[in-house]
Amino acid sequence: MKQWFALSAIGRDRPGIVADLAELIYECDCNLEDSSMTMLGGEFAVLLLLSSQAHNIEPALSSACKRLEWEKRLTVFFRPLQGEPRPYGTGQPLQAYELRATGVDQAGIVAKITRCLAEHGINITTLHTHSHPEPGSGTAIYTMQVQLDIPAAVGIPTLHQRLEAIADSLHIHIDLMPMAGQEDGLGTETRRQL
């Protein structure tokens, strides 16, 4: 019977981290099904979905993860998943959107925008943020890029209004646009700056 596992790891970035993890997966008779990897402040972070047909694989995975922690200075965590991973989505029609927020770096940008999205039942599929100095002034400018799955039942005009209120309160710009080939809920493909 196929077993599924989620594995996460984080450590100081260096060449060979991905190879170390791939070898662990191979040596434990697992298959890498899906992955997401990123850099955060000089730290390399990875989230992996593994499967295995091997019987009683958990002790081998646990031992291999501990070995990587000790030998390679990685923080590694894994957990078994119950049954097969659920298919992505809720079963209801979804609209793929991208949200981009830009403005002077300040506390609360991510918190306020993501709370608004959650209150509308919107799923965040990816979220990337970074801060960089503005040319000339050196002022820290914060950028947040989010890919969203918006239920078809969510009123896009109402969402625009809520996001516009957040943009005004934080003095930032928020763009909400359908992903390529998607309509905006009004029957047109648009890009709207709030």
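The values are calculated or read from the model by the stated rules, or taken from the named source; none is laboratory data. Here the structure is a predicted model, which means the values were calculated and not measured. As a convention, Cβ positions derive from the backbone with ideal geometry for all residues, glycine included, and neighbour counts pool all protein chains shown.
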Legend entry - Restricting region 88-102 to residues that are over 17 Å from the mean Cα position of the chain (by Cα) and surrounded by fewer than 17 Cβ atoms within 10 Å (Cβ to Cβ), the residue that is nearest to ALA140 (Cα to Cα): THR102
Inset, instruction - For region 104-114, indicate whether the set of residues that are closer than 28 Å to LEU49 by Cβ, surrounded by 15 or more Cβ atoms within 10 Å (Cβ to Cβ) and at pLDDT below 95 is non-empty. - result: no
